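The values are calculated or read from the model by the stated rules, or taken from the named source; none is laboratory data. Owing to the predicted nature of the structure, the values given are computational and were not obtained by experimental measurement. Methodologically, a virtual Cβ is constructed for each residue, glycine included, from the backbone with ideal geometry; neighbour enumeration extends over all protein chains shown.
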Amino acid sequence: MSRFSAARFLISAAAPAQFPPDIGAEVAFVGRSNAGKSSAINAITHRQGLARTSKTPGRTRLLNFFELAPDKRLVDLPGYGYASGPATERRTWKPLIDALHTRASLHGLFVIVDARRGLTSGDEGLLEWAAPQQQVHVLLSKADKLNRSEASQALRHATGLLGARGSVQLFSALKGTGVPEAEDTLAGWLG
């Protein structure tokens, strides 16, 4: 049974004025394009289709807010590292993401990283973007595509690079690997 059975889509925000009120708690799901952010949201909430998934990188183009419970939200951000959208559209993302960064309700970041690629310079930039009071949890997604030895090595490497900046775990939306652990982390952050 899902802890987030009441999860529902709230709004796709194209401007900060469209964000929900800055009260309660929210957690942003961020990562490189096609790393599996939407799949992670669906797996953790046990709601297939809550967040739209696509094999084509760059499909999330606005900040998508989902309500898990009253005043408890997830935010699905556009992926970085892929430039499929028009340049004018991509330029609108920075003010949106900067506005999200200033919200008192933003308690943490789930950074979705393809376990086969590991932490990239884009991920490092995002870790630097996180405010000191915000928690960071890295999901090494698509872990099902690695054998046991490769998965252990990917986890050790990411843990070493992350250091004290946050926590990290293996994750597979397809196989359910790490879903309960990610659920526990999210529930703890949202209070």
Quiz item: Restricting region 1-16 to residues that are assigned to a loop (DSSP other than H, G, I, E, B) and surrounded by 15 or more Cβ atoms within 10 Å (Cβ to Cβ), which is farthest from the chain's Cα centre (by Cα)?
Solution: ARG3
Quiz item: Just one of the numbered conditions (1) closer than 19 Å to LEU186 by Cβ; (2) part of a loop (DSSP other than H, G, I, E, B); (3) of a type outside the set (Phe, Trp, Tyr) is not true of SER38; which one?
Solution: (2)
Quiz item: Are any of the residues in region 71-81 basic (Lys, Arg), at pLDDT 90 or above, assigned to a strand (DSSP E or B) and buried (at least 16 other Cβ atoms within 10 Å of the Cβ)?
Solution: yes
Quiz item: Say we look at region 156-191 and pick out the residues that are without any contact (Cβ under 8 Å) to a residue 24 or more places away in the chain and of a type outside the set (S, T, N, Q); which of these is surrounded by the most Cβ atoms within 10 Å (Cβ to Cβ)?
Solution: GLU181
Quiz prompt | The lone exception for GLN48 - which of (1) in a loop (DSSP other than H, G, I, E, B); (2) over 30 Å from HIS157 (Cβ atoms); (3) at pLDDT 95 or above it fails | solution = (3)
Self-check item: region 17-38, subset farther than 30 Å from THR120 by Cα and of a type in the set (A, V, I, L, M, F, W, C), residue surrounded by the most Cβ atoms within 10 Å (Cβ to Cβ)
Solution: ILE23
Practice problem: Starting from region 108-121, keep only residues that are touching a residue at least 24 places away in the same chain (Cβ under 8 Å), then list their pairs with residues that are of a type in the set (Lys, Arg) and surrounded by fewer than 24 Cβ atoms within 10 Å (Cβ to Cβ) whose Cβ atoms are within a distance under 8 Å, requiring at least 6 positions of separation or different chains. | Solution: ILE112/ARG32; VAL113/ARG32; ASP114/ARG32; ALA115/LYS145; ARG116/LYS145; ARG117/ARG32; THR120/ARG32
Exercise. Restricting attention to region 139-191, report how many residues are closer than 17 Å to GLY108 by Cα and part of a loop (DSSP other than H, G, I, E, B).
Key: 2
Quiz item: Restricting attention to region 106-138, which residues are in a loop (DSSP other than H, G, I, E, B) and either of a type in the set (Ser, Thr, Tyr) or surrounded by fewer than 20 Cβ atoms within 10 Å (Cβ to Cβ) (or both)?
Solution: ARG116, ARG117, GLY118, THR120, ALA130, ALA131, PRO132, GLN133, GLN134
Quiz item: Would it be correct to say that LYS94 is farther than 24 Å from ALA154 by Cβ and modelled with pLDDT of 95 or more?
Solution: no
Self-check item: Verdict on ALA28 being touching a residue at least 40 places away in the same chain (Cβ under 8 Å), assigned to a loop (DSSP other than H, G, I, E, B) and within 28 Å of LEU119 (Cα to Cα)
Solution: no
